[in-house]
Each structure stands twice: as structure tokens, then as C-alpha cells.
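K.L.:
Dropping a structure here in C-alpha cells format, bear with me for questions.
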Amino acid sequence: MKLKILVTGPYASGKTTFIQSISEIDVVRTEENVTSAWELEEKNHTTVAMDYGRITIDEDTVLYLFGTPGQLRFDFMWEILCRGALGVVVLVDSAKGERIKEARPIIDFFYSRLNVPYVVAANKQDLPGAWPPEYVKTVLDLDDSVEVLPCVATDRESVKRVLLRLLEHIMEHLK
Ligand SMILES: Nc1nc2c(ncn2[C@@H]2O[C@H](COP(=O)(O)OP(=O)(O)O)[C@@H](O)[C@H]2O)c(=O)[nH]1
Ligand SMILES: [Mg+2]
């Protein structure tokens, strides 16, 4: 079974890192230099089209990960990326409390187009002052059905835990 999974979330939430940590193929990155000052505070490049990676779970399950560009000015790409997706990981930067809510319009966009399981990954849990998953859930005003999982996107095992949990939800949904 080949499963297409979307990895989304606001700018600098860790999408590219998440896919790179787990992918068994070289991640196809499509990055451009960023120009505005607030963007440069975070990093000096941004994903313009998508990141793409692959992870084999077992002999009959392969996940294809598609990272979305985080910025709304590229949202025409999101429409295209939605096609055939069976699950969504929404990353948030838990260490930047004031930016957690930036994930809300992103979640709304996908909710209106994709009736599939979602998990929210409260990323950057390794950073001091990172907010716990329960706080992220409250700020985003998420339904009880949406699980918020702790995540460190730089850590392969952590990324794997998030994906396996999403996979469980997908299997349940496909029954
Ligand atoms: N400490 C820490 N830094 C992270 C983590 N995930 C991503 N980062 C860093 O956050 C920045 C943005 O990550 P990136 O993957 O480019 O974000 P994207 O814009 O969502 O693709 C980079 O400097 C990453 O190294 C994490 O779990 N912990
Ligand atoms: Mg990126």
C-alpha cells in the first residue's frame, strides 16, 4: 500500500526537518532565499513548492511524504498537493507560543478539502520553554478527535512515532 501523507504547518515549524529526518531517499527540496526581515530572523531560505520524502514501514506499507510550503502566498500548491492524500501531519513550533495559532487557518484550509485523519505535532519539544501538547490543543481549539503529539523533528524516532500514530488513525478510517 502506498500512502500519501501531507506534512504542513506554519513557516519554520519544522516541516523540511521532519521529512529529512525520516526519509530513506534524498529529500527533494525546492528552496528559495527569503527576502523579508521577519523571515530572515528564522532562517535564510524557504520551501517554495514542496519537500518530498519516502519511508517504508513494512513490506506492504510505504509512506510518501509531501511537505507543503508554509506561506499562504504559495497556497495554489496546497490544492494540488491535496489530491489523493490520506492523512495530514500539522507541525507547530511549540517554543514560539505566540505563533502556535498561525496553524489554525492552515488546518481550516485542509479540513475544508480533505476528510482524512489529522495529527498535530507539537514540535521543538527539546527547546527550553516549549509548550506542552495540551497547551497547543487548547490554543488551536481542536476537536477531541485530533491528537496532539509531542515531537522533535530532528530526532528520527520521534518523527517515526508521529507517523505511526497517524498511520493507525488512517487504518481505522479506511476500515
Ligand atoms: N531545536 C529544534 N529545532 C528544530 C526542530 N525542528 C526544526 N528545527 C529548526 O527550525 C528551523 C526551521 O525548520 P524547517 O524544517 O526549515 O521549517 P519549515 O519552514 O517548516 O520547513 C530550522 O533551523 C530547523 O533546524 C526541533 O524539533 N527542535
Ligand atoms: Mg521547509
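K.L.:
Which residues in the stretch 138-175 place their backbone N less than 15 Å from a point set 7 Å from the Cα of ASN115 along the Cα-to-Cβ direction?
P.N.:
173-175
K.L.:
Report Rg (one decimal) and Dmax (nearest whole number) for the stretch 130-169, counting Cα atoms only, units Å.
P.N.:
Taking only Cα atoms of the stretch 130-169, I get Rg and Dmax of 10.9, 28 Å.
K.L.:
Using only the heavy atoms of the protein chains and a 1.4 Å probe, how would TRP78, TRP131 rank by accessible area, largest first?
P.N.:
TRP131, TRP78
K.L.:
For the stretch 105-175, max minus min Cα coordinate along each principal axis, in Å, sorted largest first?
P.N.:
38, 26, 18
K.L.:
When the gyration tensor of the stretch 75-119 is built from Cα positions, what are the square roots of 5 times its three eigenvalues, in whole Å, from largest to smallest?
P.N.:
After diagonalising the Cα gyration tensor, the semi-axes are 21, 11, 9 Å.
K.L.:
A follow-up question, please. Hey, could you pull the Cα Rg and Dmax for the stretch 52-175, both in Å?
P.N.:
Computed over the Cα atoms of the stretch 52-175, radius of gyration and Dmax are 14.2, 42 Å.
K.L.:
Using θ = phi - 60° and the Karplus relation 6.51 cos²θ - 1.76 cosθ + 1.60, list the HN-Hα couplings for the stretch 106-116 in order, rounded to whole Hz, with x at every Gly or Pro.
P.N.:
5, 4, 4, 4, 6, 3, 6, 10, 10, 8, 9
K.L.:
Another question about this same structure. Between VAL7 and residues 5 or more places away or on another chain, which pairs have amide H atoms under 5 Å apart, with H built 1.01 Å from N, and which residues are they?
P.N.:
PHE66, GLY67, THR68, VAL89
The values are calculated or read from the model by the stated rules, or taken from the named source; none is laboratory data. Note that the coordinates shown come from a computational prediction; the quantities given were computed from them, not determined experimentally. Please note: Cβ atoms are built from the backbone with ideal geometry, for glycine as well, and neighbour counts cover all protein chains shown. Ligands, DNA and RNA are excluded from the accessible area calculation, which covers all protein heavy atoms including side chains. Shrake-Rupley method; radii C 1.70, N 1.55, O 1.52, S 1.80 Å.
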